[in-house]
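**Q** Below you will find the structure I want to go over with you.
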Amino acid sequence: MRNDEFVKLSEEKPFDDDSETSCRHNPWNQVLKAACNKLPTQISLAELRQISPTALAYLGDAVYELYFRMYYLLPPQRIDSYHRSVVAQVRAEMQARHLQALAPELTELELEIVRRGRNATTGRQKRVSAETYQQATSLETLVGYLYLTDEARLVELLHKIPTESIESHI
C-alpha cells in the first residue's frame, strides 16, 4: 500500500471513531490479517518438537513485550512514558518475579516447558544474576510455547500477573 493510498483510506474513517466496526474496517488491520493468513494456523506436535527452547524464548520475548505495550496503551501517554512502563515490565528481574507469581498456577506440562527454558539458557546479561536470567528466559519460553499451542491459556496466565507489580512501575 502506497502512502497516498493510505491517506485516502484513512480519510474515509476518522481515527477517533470508536464504533465496534471501525477496527474491522481499518486498512492496517486488513493488511495485518492478510499477512497473518500466510502463517500456519496450527503447528503439529512434530513441528513443535523441532523448535528449540531458545527459539520459543525468542518468540515469547516478542509476544510478552507486545502484551505490555498493549496493556499500557490506554490511557494515552507520552511515548517516553509508554517506553518506561513497558521496559519496567520486560526487564529480566520483573519477568523472574512474574514467573514466581505464576508458578503455582502452572500445569505439569507448563512446568516442564519452564524447566526446558531454564536449562537452555546460554550466556546471560551482565547486569543480572544467572538465576534471574534463567527465570526470565524460562518465562519467555513458556509464553512462546503457549502462543503457538494455546493462546487462551496464555491470555489466562498473562491476566494473572499481579497487577500491583504492574501498577507500581508506571
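Every number in this text was worked out from the coordinates using simple rules, so none of it is lab data. Predicted model, so just to flag it, every value in this text is computed and none were measured. Cβ: placed from backbone, ideal geometry, glycine included. Neighbour counts: every protein chain shown.
**Q** Using Cα pairs under 8 angstrom and six or more residues apart, how large is the relative contact order of the stretch 56-170, in percent?
**A** 42
**Q** Where does the charge balance sit around GLU156 when Lys and Arg score +1, Asp and Glu -1, over other residues with C-beta under 12 Å from its C-beta?
**A** -2
**Q** May I ask you to order 110-120, 78-88 by the average number of other C-beta atoms within 10 Å around their residues, highest value first?
**A** Sorting 110-120, 78-88 by mean packing, highest first, produces 110-120, 78-88.
**Q** Which whole-Hz ³J(HN,Hα) couplings does the stretch 64-74 yield from phi under the Karplus relation 6.51 cos²θ - 1.76 cosθ + 1.60, θ = phi - 60°, glycine and proline marked x?
**A** Going residue by residue, I get 4, 5, 4, 4, 6, 4, 6, 4, 8, 5, 10 Hz, with x marking Gly and Pro.
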